[in-house]
Amino acid sequence: MREKSSSDECSSVRKLDTRRIGELLRSGSSSSCREVLDEVLDEVGFDDLRSLVLRLYVCTDMYLEARSFSQEIGVTDEEFTECFGGVDDIEQKFSTVETSRKNMHEMLEQCMRWRAEKCRENGNSAVRDAKEYVNKHYMNCGLSLTVVAEAVGISPAYLSALFKRETGKNLSEYITEVRIERSKELLCCTSKLIYEVASEVGFQDYRYFSQIFKKYTGQTPRQFQNNANV
């Protein structure tokens, strides 16, 4: 078999998919930690990289992904570096293939333990705050995961994972449900026209509002309004 050239190794390393590591940390299970890490490393031929520089490049990207995630969930830099050292320590801690895999696995597992701890401490509070914000601002047509996450002070990816875990639904679904419930009240108890109701609950396009309303209630807004006023 032809030995890989330096350019071949560089091409392999460029395929590194740290997004899979980010997804693992935010919503994956600890039982799949080693499997996912091994798959990501195998995809770039990590064990066969002759260049220490390229191995350290891979390790540094993993380190930065883990550190960024830990910051998202409220782990301080001091806590993180106490466990895994700073960027300047990477060469020492990840000098061989064996120590690299071992240290990366331990790093990801610790991040997931921190996630579980922070979920217990902050999960219910963050989800409650997100719901309260949606209930107060559902009429804003620009309301989104990003907007709500900024309001409650955590990253969109982390809020999305927390909200799904705590409620069993996506935040976007919750926003829509709140809007539909409020629109039912307006259709029932006011003389507002359908396009006025749509605008008041955060829909710019009343035709789209009608489609979503029927999807959630089984009736068009007009049918619902007529039945309510019988």
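Every number in this text was worked out from the coordinates using simple rules, so none of it is lab data. Source: prediction; values computed, not measured. Quick reminder, even Gly has a Cβ in these numbers, built from the backbone with ideal geometry, and neighbours come from all protein chains shown.
List of remarks:
- Segment LYS164-CYS10, length gained on full extension (0.36 nm per residue, minus Cα span): 51.6 nm
- At R0 = 30 Å, FRET efficiency that the Cβ-Cβ distance of SER172 and ASP61 yields, to 0.05: 0.50
- Which of LEU54, THR96, LEU24, positive extreme of dipole for region 1-125 (C-beta unit charges): LEU24
- Partners for LYS93 among lysines (Cα-Cα distance below 26 Å; same-chain residues under 8 apart left out): LYS4, LYS15, LYS102
- Sequence-distant aspartates and glutamates (8 or more away, or on other chains) whose Cα lies within less than 19 Å of LYS118: GLU23, GLU65, GLU72, ASP77, GLU78, GLU79, GLU82, GLU106, GLU109, ASP129, GLU150, GLU166
- FRET efficiency for ASP38 and GLU185, using Cβ-Cβ distance with R0 set to 45 Å, rounded to 0.05: 0.25
- Among residues other than GLU82 with Cβ under 14 Å from its Cβ, the summed charge is -3 (Lys and Arg +1, Asp and Glu -1).
- Computed from the C-beta positions of TYR195 and SER144 and an R0 of 25 Å, the FRET efficiency is 0.65 to the nearest 0.05.
- Within region 58-113, all pairs of alpha-carbon atoms sorted by distance into 5 Å bins from zero give the percentages 4, 20, 36, 26, 11, 3, 0.
- The chain, helix-only ellipticity at 222 nm - DSSP H runs n ≥ 4, -39,500 (n - 2.57), divided by all residues, nearest 500: -22000 deg cm²/dmol
- Max-minus-min Cα coordinates of the chain on each principal axis give 79, 41, 26 Å, with the largest extent listed first.
- Distance distribution note for region 133-179: the fraction of Cα pairs above 12 angstrom is 57%.
- Shown for CYS59, CYS188: other C-beta atoms within 10 Å of each C-beta, ranked fewest to most, produce the order CYS188, CYS59.
- For the residue pairs LYS136/LYS164; LYS131/LYS169; LYS192/LYS215, the C-alpha atoms sit more than 18 angstrom apart in LYS136/LYS164; LYS192/LYS215.
- For HIS105 and GLU79, the difference between the fully extended length at 0.36 nm per residue and the C-alpha to C-alpha distance is 7.6 nm.
- Here the dipole of the chain is about 1380 debye; that uses its Cα centre as origin and unit charges on the Cβ of Lys and Arg (positive) and Asp and Glu (negative).
- Its Kirkwood hydrodynamic radius, worked out from the mean inverse distance over all distinct Cα pairs, puts region 6-118 at 14.1 Å.
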